[in-house]
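A.B. asks: One structure, as structure tokens, below. Some questions next.
The values are calculated or read from the model by the stated rules, or taken from the named source; none is laboratory data. No experiment lies behind these values; they were computed from the predicted model shown. Because the Cβ atoms are built from the backbone with ideal geometry, glycine has one as well, and the counts that use them run over all protein chains shown.
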Amino acid sequence: MWKISRCKCLFVLTLASTMWLLGWGEQAWSASAVSQFFLGQRNAGSGNNAEYMINLLDTPGTPCQSSGDPRRCAHAGDIFIGLFNLGVLEDQTGGGGQHNLGSGTANNELTGLIAIKVLDQALVSKPGGGSESDQCLGPINPATDIFGPTAAVVKGQMSAGLAAIIGAWNPGTIVALYDDPANDFTRVFNTTTHPGPDDCDAGKTGADLGVPGCQAKEENLLLTTIGPTELFQIGFTGPGGTSGPVEGLIACDNCGFPPGPFQGNDIKALRAINPPVHAGEFNGGLNLTKNNTTLQFGLVNNSLFGLSQFAISGSDLGIGNTATPFDLFSQDNIVFAPSAIPEPSSLTLLLLGTSVLGLSAVRRWKRRP
């Protein structure tokens, strides 16, 4: 019995070693955008984001503008769905190298799908009228959250297909990041270059904001971020405190940058602001909720939150006159420190030795009477 078990063990080691050497390990994803990470260094990525609001909490008694239209107002309980890409990676500690991840099908792209809930919101009056909106943002819990994908589907503001994608995320996830060389990331809807279903606002004026059944264009563009390979998911893993990395995500809208006396939760007013004037700011620290790679991530510092695996920041922008169905754009920055587990060359040598040893031992075992 011992001989059989020993043989099986040696066979498994030999098979595993051979698979690695033939490229079934680290090399399986080495050609992706991940291979352009600066391993062992502090990486700074920059890119673009677009998002739209799904209105789940109507509050007619507290409209955000004199029209009294509650659909345009963001409140605690509403969710934002978005997409983003990282177009440039910079090495901040090992010599200042830079990788352009590209923006077309000829290059690898690093893209993401976003689902965020407004956990809490406070409107702070501004001098001269209007208010800024200070928001605490967090993940959607599809299993228990009454203000989540299921409710959005019932209200006709999300397709069952998109709800299923978000519902399959690990608990606490805000972002799923993909290696996406196949799709061409875009925030602009064009029926010629990006054919897809129409919705209720052919002029893209925001008139259909929050109207049930009018998110077809947005969801159609979201598909440009979902690549063939999900790399990892990022979000909230639980209380960090002194025993682990911290996490949080906050935003302020209409916080001193754009002109106008409107309220900071008036999404339609924010979307009309012409870039580069800022519509707001956001800042956060997030951590891995799922990792499909062989990378590990160290901690980086966020000036507001402290140490986490991913420090994010950016500027919210209106869409101005852009031909897009989204409500807001943003410029994103993300800092992280990836490293391999273990170092590939060392593991290759180790497994090569294991492979040779295993094959030799199996041959000797077979020759035994």
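A.B. asks: Tell me, yes or no, whether the range 292-303 has at least one residue that is closer than 25 Å to Q121 by Cα, assigned to a strand (DSSP E or B) and not aliphatic (A, V, I, L, M).
C.D. replies: yes
A.B. asks: While we're looking at this one, here's another question. Restricting the range 129-140 to residues that are buried (at least 17 other Cβ atoms within 10 Å of the Cβ) and part of a loop (DSSP other than H, G, I, E, B), which is modelled with the highest pLDDT?
C.D. replies: So, considering only residues that are buried (at least 17 other Cβ atoms within 10 Å of the Cβ) and part of a loop (DSSP other than H, G, I, E, B), the one modelled with the highest pLDDT is P139.
A.B. asks: In the range 114-128, is there at least one residue being at pLDDT below 80 and assigned to a loop (DSSP other than H, G, I, E, B)?
C.D. replies: yes
A.B. asks: Can you tell me which residue within the range 253-304, out of those that are among the charged types (D, E, K, R) and more than 20 Å from R71 (Cα to Cα), is nearest to the chain's Cα centre (by Cα)?
C.D. replies: For the range 253-304, the residue satisfying everything is K290.
A.B. asks: Kindly list, by first and then second residue, each pair from a residue in the range 260-274 that is free of Cβ contacts under 8 Å to residues at least 60 places away in the same chain to a residue that is of a type outside the set (F, W, Y) and not in a loop (DSSP other than H, G, I, E, B), limited to pairs with Cβ atoms under 8 Å and residues at least 6 apart or on different chains.
C.D. replies: Between residues of the range 260-274 that are free of Cβ contacts under 8 Å to residues at least 60 places away in the same chain and residues that are of a type outside the set (F, W, Y) and not in a loop (DSSP other than H, G, I, E, B), the close pairs are L270/D253; L270/A279; L270/G280; L270/D316; L270/L328; I273/A279; I273/L317.
A.B. asks: Pick from G320, G285: which is on the phi > 0 side of the Ramachandran plot and touching a Pro at 6+ places or on another chain (Cβ under 8 Å)?
C.D. replies: Selected residue: G320, the only one of G320, G285 that is on the phi > 0 side of the Ramachandran plot and touching a Pro at 6+ places or on another chain (Cβ under 8 Å).
A.B. asks: Please tell me if G82 is at positive phi, not in a helix (DSSP H, G or I) and not aromatic (F, W, Y).
C.D. replies: no
A.B. asks: Do you know which residues across the range 176-201 are at pLDDT 80 or above and among the aromatic types (F, W, Y)?
C.D. replies: Selection gives Y178, F185.
A.B. asks: Let me ask something else about it. Since E109 meets every condition but one in (1) surrounded by fewer than 20 Cβ atoms within 10 Å (Cβ to Cβ); (2) closer than 29 Å to G161 by Cα; (3) modelled with pLDDT under 90; (4) not aliphatic (A, V, I, L, M), which condition does it not meet?
C.D. replies: Result: E109 fails condition (1) only.
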